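Chemist: Right, I'll just put the structure down here and ask away after.
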Amino acid sequence: MFDFLFKRQGSKPAASGEQQGAAKPAPAKSGAAQPPVSKTGGKAGSKADNKAKAAAAAAAEQAANQAAAQAAEARAAVASARERQAAQLKALGSDEAAAAEFILQSPFSELRLAAAELLHGREHLERVYGAMRNVDRRVAKLVHGRLDAIRHHEAELRRAEDTLAQARAMLADALLTPNHVGELDRKWSVIRAPELAADFEAVRAQLGARLEAQVQLQRAMIDRLTTLRQLDGQGLDAAALGEALARLQQEQTAALADPGHPSLPRALVGEVSNEMARLTASLATAEKDAAALTARDAALTAWAAQPQEALTPDALRRDWQRLPAMPANAAATEALQARFDALLASLPQAIRKPKAVQAAAPADSGAAPAKDKGADQAFLDQMDALEAALQQGSLGTAAEIDKSLKDAKDKGVRLTGAQLEHLTHLRADLKRLSDWARWGGNVSREELIKTVETLATQNLAMGELAKKVGSMRERWKALDTLSGPAPRSLWERFDAACSAAYAPAAAHFRQLADERHANAARGQALVDEAQAEIANLQQDNADWKHVSATVQRLRTAWSHLGAVDRKEKKRLDGLFSEALTTLQRPLENQRKVEVAVREQLIEEVHKLDPNERHAVDMLRELQSRWQDHARALPLERKAEQALWQRFRAACDALFAARKEHAHAADSERRTHEAAKEALCARLEAAALDATPSNVARMLREAAAEWQAIGPVPRAHEARVEGRYQAAVAQVQAQVAEVRRAADTVLAGVVRDKLRLIQALETALADPDSNAGTHTQGDDWRARWAALAPVDGGYEPILQKRFDAALAALEGDRAAYARQLQENRPRLLNDLLRLEIAAGIDSGAEFARDRLRLQVEVLQSSLKSGQKPGGNTAELRALLALPALTDVRTETRIECLMLRQPKEAS
């Protein structure tokens with residue numbers, strides 16, 4: 001209520017605007033009264049104004065001329081300075097330091113830009129960029145671009161130097177791989193450094209030459225391996241094979257001595273070495289076979305040169321068997337054997353008696369004792385079996401039969417001379433066959449030793465290596481059985497080779513044994529831990545989560561225990577099973593209790609009402625309890641999953657029911673939204689033709705309907721509410737606009753009539769004025785009748801005042817003029833009071849009176865308890881009060897009328 005005390009003069013833009021508008025009133029209609037103007041004052045003022053305007057125009061023209069001259073001089077000076085600096089720019093040439101100084105001192109941007117084109121050094125560019133960054137954008141942009149180019153080029157040079165250093169390091173490295181060279185090429189392909197391109201190309205050419213040499217070396221190694229593998233099928237003799245092997249061995253040695261030999265694949269080098277060793281062994285065998293064939297050929301030639309009488313078949317056979325063994329599958333072997341057989345056939349053979357004749361003794365031969373009857377039939381059958389075994393080459397069977405024959409002879413078996421000679425001949429054949437078998441067995445043992453020695457290079461699995469070594473030892477034992485005992489030197493070589501080949505397997509098996517012992521120790525530790533947990537569980541301070549985790553951890557650790565010796569494994573399995581069973585028994589009982597609790601939680605979820613307001617909070621509490629129980633004691637995974645699925649299904653069902661209810665509510669809210677949107681649309685359409693007479697009813701009905709409609713979706717609530725408030729505001733704005741237009745029209749009509757009354761009163765007070773000289777009563781009535789009637793209760797007041805003034809015009813004018821003069825102070829006081837109440841500025845000349853009246857108004861409002869404001873009765877009393885007014889007072893009254901016609905109406 002004290003707002004008017006804090007108002008300052010000119011603080012109301014609207015009021016000041018209205019006052020400015022009131023200072024220039026609109027021209028009255030035809031016949032309307034004009035404000036009185038003094039004749040003498042108007043003419044004198046117009047002449048003075050004309051002289052002042054002429055003087056002001058002359059002064060302005062002179063100032064404009066001076067300014068134009070100064071501007072022309074300034075433009076000429078600027079053009080001259082520009083020409084001098086342009087000449088100075090041309091004289092710079094390629095001097096970057098001078099160009100930088102020119103840029104820093106020149107005030108012309110186009111010359112600075114031209115000078116910036118001469119700068120290329122980093123020092124000058126950075127100097128100019130620091131000075132021009134906030135002064136000349138074009139120069140700064142040009143210089144900054146060149147600085148960026150210089151920095152980029154320097155970065156490229158650094159990358160190029162690093163790449164070149166990497167290439168040189170690769171060139172010095174003993175092992176060069178193509179993928180590293182490819183990565184180097186990819187790095188260089190994105191670098192732009194022409195200064196180092198020649199150096200890089202030289203180093204890259206050397207790298208390419210090394211790669212090509214490595215490729216050639218590998219290809220030569222592959223070709224050498226292919227040549228070695230093809231030597232077997234070429235049928236070369238020992239000499240040719242030896243020459244080829246020597247040549248290939250020389251090439252292999254040169255390849256391994258080549259600087260690029262680290263690039264050779266190890267597997268390829270190993271294959272070549274193995275092929276070399278194999279072919280070298282084959283060459284040694286071929287040389288031995290060739291020497292054997294040569295010895296036998298020489299022996300056959302010598303025997304053929306001797307007379308047949310000096311040769312005996314048995315001696316020839318013995319000498320033939322003593323010669324070195326011939327190769328198994330060779331045409332020369334068959335030819336030499338055929339020559340030997342032909343030589344034996346050409347010799348006279350000893351005549352053998354048939355067995356039946358030898359066995360039968362004549363009854364009358366006389367003096368032969370009974371002991372010369374010979375061996376029995378069983379002994380003779382064994383002799384026949386020995387001969388058959390020798391003919392079949394079954395050395396082992398023949399040796400067994402010979403042993404049984406020796407045992408039978410030791411038991412007293414007597415043989416005849418023919419039987420003894422036959423047995424001797426058979427044993428000679430057995431010895432010859434044994435010698436051959438021994439020689440062949442030694443050869444086989446040599447091959448067996450070589451095979452065992454190559455096992456270490458075959459990278460076999462440990463189990464397979466052990467089987468291979470075991471099978472080699474079995475084959476050695478079989479050779480001992482078939483070919484007789486081996487020489488000690490061969491046995492020591494074989495045993496050393498087997499031990500060396502079996503050493504990795506032995507170490508592996510020892511490691512496995514150590515791991516089994518360690519696993520057994522870990523298993524015993526697990527058993528001890530389980531028994532310790534049992535002891536803690538019996539003290540009634542069980543942490544079931546810890547117990548469950550311990551059981552799971554022990555079971556997992558036992559499943560990952562690893563291999564253990566069978567006997568120890570059986571014992572540990574029994575102890576661990578017993579301890580785990582003892583530990584799990586109370587745990588299972590507690591888990592049954594937990595299952596019952598979980599079932600109860602599921603039932604509580606099913607009992608929740610989805611439509612209840614606090615259902616979600618209660619469900620969250622149940623979920624929290626579920627999590628607490630799950631953390632306190634986890635169940636078995638299968639049971640836990642089953643119960644959790646049921647609990648989650650119950651929760652999902654609750655949420656689904658709430659969601660369905662929410663969908664129904666959302667559908668209803670969308671219906672409400674559509675209804676409110678329709679109401680807003682009606683209000684927006686009604687705003688176009690709203691009138692003050694129906695707006696109140698329309699807004700009340702709209703508000704009632706808006707309150708009757710239910711809530712809308714929360715996301716659209718603000719938008720719909722905003723649209724409704726905007727529609728209401730639009731209706732109210734339209735009505736306010738209509739009222740303002742009506743008030744403006746009303747204020748204009750009141751102002752016109754009030755001006756006519758004030759003109760009439762001025763004519764009464766000053767008969768010599770224009771209003772009093774040129775008008776009569778009928779004229780004033782005609783002019784009054786020409787004005788439109790006033791609504792809002794102003795017409796009777798103004799009509800009464802007009803009639804009183806008109807009556808005074810036709811009657812006692814002097815008395816009315818005195819009354820007008822006497823009422824002027826009261827009019828000014830009432831007008832000031834109304835201006836204070838309306839918050840309108842009264843002017844500086846009324847500041848003291850306004851302050852006094854403000855205090856009175858404040859005291860009056862405090863006594864009455866009402867806030868001072870527009871008073872319709874006071875305004876009408878002011879309009880009804882006849883008093884003299886000047887132009888300033890009329891303007892103040894018109895401003896007050898423009899502010900308060902609505903309140904007055």
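Chemist: Expressed as a whole number of Å, what is the distance separating the alpha-carbon centroids of region 553-606 and region 673-712?
Modeler: Between the Cα centres of region 673-712 and region 553-606 lies a distance of 74 Å.
Chemist: Another one. Run through region 155-199 and list the GluC sites (Glu not before Pro) located in a DSSP loop whose Cβ has at most 16 other Cβ atoms within 10 Å.
Modeler: Values: sites: Glu156, Glu161, Glu183, Glu195; in loops: none.
Loop-located and lightly packed - none at all.
Chemist: Compute the FRET efficiency between Ala557 and Ala246 as 1/(1 + (r/R0)^6), taking r as their Cβ-Cβ distance and R0 = 51 Å, and round to the nearest 0.05.
Modeler: Numbers: r = 63 Å, r/R0 = 1.24.
The calculated FRET efficiency here is 0.20.
Chemist: Packing-wise, with mean Cβ within 10 Å as the measure, how do 381-390, 810-819 rank, highest first? The partial results should precede the final answer.
Modeler: Details: 381-390: 18.0, 810-819: 13.7.
Going by the mean number of other Cβ atoms within 10 Å, highest first, we get 381-390, 810-819.
Chemist: If I stretch the segment between Ala681 and Asp803 completely, what's the gain in nm (0.36 nm per residue apart, minus their alpha carbon distance), one decimal? Before the final figure, lay out each step's value.
Modeler: Numbers: separation 122, 0.36 × 122 = 43.92 nm, distance 5.30 nm.
This chain segment gains 38.6 nm when fully extended.
Chemist: Highest first, please rank the peptides 86-99, 728-741 by the mean number of other Cβ atoms sitting within 10 Å of their residues.
Modeler: Details: 86-99: 13.8, 728-741: 15.4.
Highest-to-lowest ranking by the protection proxy: 728-741, 86-99.
Chemist: Determine the sum of side-chain charges near Cys498: Lys and Arg each +1, Asp and Glu each -1, restricted to other residues whose C-beta is under 14 angstrom from that of Cys498. Please report the intermediate quantities before stating the final value.
Modeler: On the way: positive: Arg445, Lys450, Lys467, Lys468, Arg473, Arg475, Lys477, Arg493; negative: Glu453, Glu474, Glu492, Asp495.
Once positives and negatives cancel, what remains is +4.
Chemist: For Leu217, what charge total do you get from the other residues with a beta carbon under 13 Å from its beta carbon, if Lys and Arg give +1 and Asp and Glu give -1? Walk me through the intermediate numbers first.
Modeler: Working: positive: Arg210, Arg219, Arg224; negative: Glu212, Asp223, Glu251, Asp258.
For residues surrounding Leu217, the net value is -1.
Chemist: Obtain the nm distance between the two label points defined at Ala342 and Val443 by a simple spin-label model: each point lies 7 Å from its Cα along the Cα-to-C-beta direction.
Modeler: About 2.4 nm separates the two model spin labels.
Chemist: Using a Förster radius of 35 Å, what is the FRET efficiency between Ala86 and Arg168 based on their Cβ-Cβ separation? Nearest 0.05, please.
Modeler: Values: r = 53 Å, r/R0 = 1.53.
Rounded to the nearest 0.05, the efficiency is 0.05.
Chemist: Roughly speaking, what is the stretch gain from Ala388 to His120, that is 0.36 nm per residue apart minus the C-alpha to C-alpha distance, in nm to one decimal? Write out the running numbers ahead of the final one.
Modeler: Working: separation 268, 0.36 × 268 = 96.48 nm, distance 11.18 nm.
Contour length minus Cα-Cα distance gives 85.3 nm.
Chemist: Using only the Cα atoms of region 579-647, build the gyration tensor, take square roots of its eigenvalues as a ≥ b ≥ c, and label the shape rounded, prolate or oblate: rounded if a/c is under 1.5, else prolate if a/b is larger than b/c, else oblate.
Modeler: Details: a/c = 3.20, a/b = 2.85, b/c = 1.12.
Cα axes put region 579-647 in the prolate bin.
Chemist: Excluding Leu764 itself, calculate the net charge of residues whose Cβ lies under 11 Å from the Cβ of Leu764, where each Lys or Arg counts +1 and each Asp or Glu counts -1. Write out the running numbers ahead of the final one.
Modeler: On the way: positive: Arg813, Arg818; negative: Glu761, Asp766, Glu810, Asp812.
For residues surrounding Leu764, the net value is -2.
Chemist: Each label point is 7 Å from the Cα along the Cα-to-Cβ direction; what then is the distance between the points at His508 and Arg158, in nm?
Modeler: Inter-label distance under the simple model: 5.4 nm.
Chemist: Could you calculate the contour length gain from Glu578 to Ala815, that is, 0.36 nm times the residue separation minus the distance between their Cα atoms, to one decimal place in nm?
Modeler: On the way: separation 237, 0.36 × 237 = 85.32 nm, distance 13.71 nm.
The span from Glu578 to Ala815 would gain 71.6 nm if fully extended.
Chemist: One-quarter of the Cα convex hull surface for region 666-732, in nm²?
Modeler: Numbers: hull surface 15.8 nm².
Across all orientations, region 666-732 yields a mean hull projection of 4.0 nm².
Chemist: Compute the FRET efficiency between Glu529 and His606 as 1/(1 + (r/R0)^6), taking r as their Cβ-Cβ distance and R0 = 30 Å, and round to the nearest 0.05.
Modeler: The value I calculate is 0.10.
Chemist: Still on this structure, I have one more. On the Cα set of region 503-635, report Rg and Dmax in Å, please.
Modeler: That works out to 22.4, 81 Å for Rg and Dmax.
Chemist: Suppose each label sits 7 Å from its Cα in the direction of the beta carbon; what would the Thr457-Asn829 distance come out to in nanometres?
Modeler: Distance between label points: 14.0 nm.
Just so you know, all these numbers are worked out from the coordinates, no wet-lab data involved. Predicted model only: the values in this text are computed from it and were never measured. Neighbour counts run over all protein chains shown; Cβ positions are idealised from the backbone, glycine included.
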